[in-house]
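This report refers to the structure that appears directly beneath it.
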Amino acid sequence: MSEGILLAKVARGTLLPEAGRLARLDEALPQIRAALEGERDEVALEATLACLLWEALPQTNWCGFYRRVGERMLAVGPYQGGMGCLRIAFERGVCGAAARTGQVQRVPDVQAFPGHIACDDATRSELVIPVLDGAGLLRGVLDLDSPQLDAFSEGEAARLEALIEKVFRGPVIWAPRSE
Ligand code: SME
């Protein structure tokens, strides 16, 4: 039975200075990797990552996964935060851009992003990281949203991209797709 991760309590919505955010993430990452060690089930991995990244990233108001369920369609997966869109087509929003391009999308101001999906009016910035499997196939995206402007730095993006690659490039057992 895991006890979760040990981090100082920070109120939800707080945007720490970047150095503080990186220090907190660097403290969390080895604990997150240890918590996931040996697990191969997609949903177990995504649900636990949503829970632990929510703790590691107090600036988020939404933290979780969209899974690829069709050729150009995402459906919501495990997450923390307020209710999100159930489906996002590849053509739409920041998540769609990450799915389309296979590239990390760091958006410091969502109002400056054409086609942003306003699921939560409070969201001001986002970081979306593609989830690729061992064959390089897009399986979904990790979506991180914040009510603060410019809440995710390049340093956070690089660390989270490396974590996602490490976790999902392995021998994951993927859940069946719904379409
Ligand atoms: N990050 C999304 C929208 C928010 S979700 O529904 C939680 C996008 O614009 O792609």
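Put a plus charge on the Cβ of each Lys and Arg, a minus charge on the Cβ of each Asp and Glu, and nothing anywhere else: the dipole of region 1-160 about its Cα centre is then about 240 debye.
Simple rule: put +1 on each Lys or Arg Cβ and -1 on each Asp or Glu Cβ in the chain, find the dipole, and look at 44, 57, 99; the Cα lying farthest toward the positive end is 99.
Quick note: the coordinates plus some simple rules give every number you see, no bench work behind them. Being a predicted model, the structure only gives us computed values, none of them experimental. Counting neighbours? That spans all protein chains shown, and the Cβs are built from the backbone with ideal geometry, glycine included.
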